[in-house]
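Participant: Dropping the structure in here first, questions after.
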Amino acid sequence: MTLAACGKAAQIGETVGAAGTHRGPLRIGLLLPENEIVRFERFDAPLIQQRVKQLCRSCTVSYSSAQHDPTSQRNQIDAMITNGVDVLILDAVDAKAVRHSVVQARRAGVPVVAYDRLAEGPISGYVSFDGGRVGKLQGEALLRALGPKARSSQIVMMNGSSTDPNAGWFERGARSVLRGKVKIAKSYETAGWRPENANRNMAAAIAALGPDGIDGVLAANDGLASGVITALKAARIHPIPPVTGQDAEVAGLQRILAGEQYMTVYKPFKPEAYTAAEMAVALGRGHSLSKITKQRVNNSTTRGIPAVLLEPVAVTARNIKSTVIKDGLYRVDQICTKEYADDCRKAGLIDRGGSPHDAE
């Protein structure tokens, strides 16, 4: 799906302006929810900007981060519409709170591409990863880690924020795998996806279930996993039970190598970012998304939104080399810092002299 989307969209760059309604340079607004999660600043924003420039050298991208604040994001959208952007790429802080702004964009003739999270309102296109599959990968990994003892085990679910529709999507996917195979003793919503809130929730779970009453934790992403693991360490729980994650952050990969986190879910950011840029350029030129999208999704207000849903990948210590390193997401030296050198040797990422092993 990824290759098809990128290959088809390349044709848009080649024929830009030939049949579209917009002849001049496009002005694209990029609105991301925060900059605390590493991926947004390091990968998503620069990759989107890079692909836009590849497709349209004279096009410009105006970028704003909402810093977790729905009101700020609404104001940013309004300001971009007022300043005359031609199309918006929007990763909503709060999918419901942003609905009115999406309606206002439509009235102003500004199409909106929902990025990573499906906002409400008249969205023109959507690109993300299959959230149900993300949750299933996490649930399947946790069951593997628990092994034959799964049915007699109890776990804690540390879910994301209720303002993010992906959080529910992840949770439903995970529960579809876990149901009837392990006891879910506690389940929490984590406000704002903040690690400190996950830490507080985990401390409450430990107090309620006891330090010996938690056999595993399904944490929805690596940030929440960090808060969970800090709470487990503070309670002197050893060994740390298996903990899942998502986003393949460096810190998460390092915890995996150190044996503190069991797995993460890698979502290759480049195809997602590139597809969003390709959608934005197509829509800005007045073109259909039919050459890019193969799927349709619905939000609470709009049916049949053209969509691309990409495939996530489960990552453990065994396949870090063949996934995130092979794809060029990180270099070995970025993961295998001095503190994790011994762990990297055990995983075969570096040799005894500290030299990286090439990805196979």
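The values are calculated or read from the model by the stated rules, or taken from the named source; none is laboratory data. Remember, predicted model here, so these are calculated numbers, not experimental data. Positions of Cβ are generated from backbone atoms using ideal geometry, with glycine treated the same way; all protein chains shown enter the neighbour counts.
Participant: Scan the range 300-327 for residues that are polar (S, T, N, Q), within 25 Å of Val98 (Cβ to Cβ) and modelled with pLDDT of 95 or more and report the count.
Facilitator: Selection size over the range 300-327: 1.
Participant: Can you name the residue in the range 262-291 that is of a type in the set (S, T, N, Q) and touching a residue at least 40 places away in the same chain (Cβ under 8 Å) and, of all such residues, is surrounded by the most Cβ atoms within 10 Å (Cβ to Cβ)?
Facilitator: The residue in question is Thr264.
Participant: While we're on this one: Right, Asn319: of a type in the set (S, T, N, Q), within 19 Å of Leu118 (Cβ to Cβ) and surrounded by 13 or more Cβ atoms within 10 Å (Cβ to Cβ) or not?
Facilitator: No, not satisfied.
Participant: Is there a residue being surrounded by fewer than 21 Cβ atoms within 10 Å (Cβ to Cβ), among the small types (Gly, Ala, Ser), within 30 Å of Thr293 (Cα to Cα) and in contact with a Gly (Cβ under 7 Å, 6 or more places away or on another chain) anywhere in the range 132-151?
Facilitator: Checked against the condition, which is being surrounded by fewer than 21 Cβ atoms within 10 Å (Cβ to Cβ), among the small types (Gly, Ala, Ser), within 30 Å of Thr293 (Cα to Cα) and in contact with a Gly (Cβ under 7 Å, 6 or more places away or on another chain), the range 132-151 yields at least one hit.
Participant: Can you confirm whether Ala203 is outside any loop (DSSP other than H, G, I, E, B), closer than 30 Å to Asp333 by Cβ, at pLDDT 95 or above and assigned by TED's automatic domain parsing to the domain that holds Thr337?
Facilitator: Judged against the criteria, Ala203 is not a match.
Participant: Name the residues in the range 189-235 that are farther than 17 Å from His68 by Cβ, touching a strand residue (DSSP E or B) at 6+ places or on another chain (Cβ under 8 Å) and of a type in the set (Val, Ile, Thr), would you?
Facilitator: Ile214, Val217, Val228, Ile229 - these are the residues of the range 189-235 that are farther than 17 Å from His68 by Cβ, touching a strand residue (DSSP E or B) at 6+ places or on another chain (Cβ under 8 Å) and of a type in the set (Val, Ile, Thr).
Participant: Okay, moving on. Checking Thr302 against (1) assigned to a helix (DSSP H, G or I); (2) of a type outside the set (A, V, I, L, M, F, W, C); (3) not assigned by TED's automatic domain parsing to the domain that holds Ala204, which test does it fail?
Facilitator: The failed condition is (1).
Participant: Which count do you get for residues in the range 96-110 that are surrounded by fewer than 22 Cβ atoms within 10 Å (Cβ to Cβ) and touching a residue at least 12 places away in the same chain (Cβ under 8 Å)?
Facilitator: Result for the range 96-110: 8.
Participant: Among what's in the range 292-304 and is in contact (Cβ under 8 Å) with a residue 24 or more places away in the chain and surrounded by fewer than 20 Cβ atoms within 10 Å (Cβ to Cβ), pick the residue that is nearest to Ser124 (Cα to Cα).
Facilitator: Result: Thr302.
Participant: A further question follows. Assess whether Ser65 counts as being touching a strand residue (DSSP E or B) at 6+ places or on another chain (Cβ under 6 Å) and either in the same structural domain as Gly125 (by TED's automatic domain parsing) or free of Cβ contacts under 8 Å to residues at least 24 places away in the same chain (or both).
Facilitator: yes
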